[in-house]
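> Starting off with a structure, shown below.
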Amino acid sequence: VQLQASGGGLVQAGGSLRLSCAASGGTFSRYALGWFRQAPGKEREFIATLNWRTNIILVADSVEGRFTISRDNAENTGYLQMTTLKPEDTAVYYCAAATSGYSSRFWDSYDYWGQGTQVTVSS
């Protein structure tokens, strides 16, 4: 399975971005989709995850109400809609897929990772 994250960029505080995660080579519709981020000097941080079967969504408190995770199984693509961006959201964002199909906040539950896309929010 290969994941390709895209959609990052430079945006002013208060702005919005939509990240995409295109999957190929596997049964994406059966995998749990996760988004994580990592800022310089910090540990990888869970952002959101979406269970493939139940569509149960878990979202980190730090982005609750601002970020929305979704997926289009027909297009083998996952999304992270980010609104009301803050400078502290600046990080490399990674998408990931868990072949178990179950949502998890823990990065080691995920089997496949995209290469990351940089999001920079200016104040």
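> Residue by residue through region 12-67, note down the ones that are part of a loop (DSSP other than H, G, I, E, B), polar (S, T, N, Q) and either more than 14 Å from Asp89 (Cβ to Cβ) or touching a Ser or Thr at 6+ places or on another chain (Cβ under 9 Å) (or both). Please lay out each step first, then the result.
First, pick out the residues of region 12-67 that are part of a loop (DSSP other than H, G, I, E, B): 13-16, 25-27, 31, 39-44, 51-56, 60-66.
Within this subset, residues satisfying the condition of being polar (S, T, N, Q) are 16, 27, 51, 54-55, 62.
Result: Ser16, Thr27, Asn51, Thr54, Asn55.
> Tally up the residues in region 67-117 that are of a type in the set (D, E, K, R), farther than 11 Å from Phe28 by Cα and crowded, with 20+ Cβ neighbours inside 10 Å, please.
So the answer is 1.
> Take the residues of region 76-123 that are hydroxyl-bearing (Ser, Thr, Tyr) and part of a strand (DSSP E or B): which is modelled with the lowest pLDDT?
Among those that are hydroxyl-bearing (Ser, Thr, Tyr) and part of a strand (DSSP E or B), it is Thr77.
> Also, I was wondering about something else. Considering Val59, Val1, Val63, which residue is under 20 Å from Tyr102 (Cβ atoms), crowded, with 18+ Cβ neighbours inside 10 Å and among the β-branched types (Val, Ile, Thr)?
Exactly one of Val59, Val1, Val63 is under 20 Å from Tyr102 (Cβ atoms), crowded, with 18+ Cβ neighbours inside 10 Å and among the β-branched types (Val, Ile, Thr), namely Val59.
> Can you list residue pairs whose Cβ atoms sit under 8 Å apart, with the first residue in region 1-24 being under 16 Å from Gly114 (Cβ atoms) and the second being of a type in the set (Lys, Arg) and open to solvent by 50 Å² or more (accessible area, probe 1.4 Å)? Count only pairs 6 or more apart in sequence or on different chains.
Gly7/Arg18
> Filtering region 6-30 down to residues that are open to solvent by less than 30 Å² (accessible area, probe 1.4 Å) and under 12 Å from Ala97 (Cα atoms), which residue is modelled with the highest pLDDT?
Cys21
The values are calculated or read from the model by the stated rules, or taken from the named source; none is laboratory data. Note that the structure is predicted; figures quoted are calculated from it, not measured. Counting neighbours? That spans all protein chains shown, and the Cβs are built from the backbone with ideal geometry, glycine included. Side chains included, ligands, DNA and RNA excluded: accessible areas come from the protein's heavy atoms. Shrake-Rupley method; radii C 1.70, N 1.55, O 1.52, S 1.80 Å.
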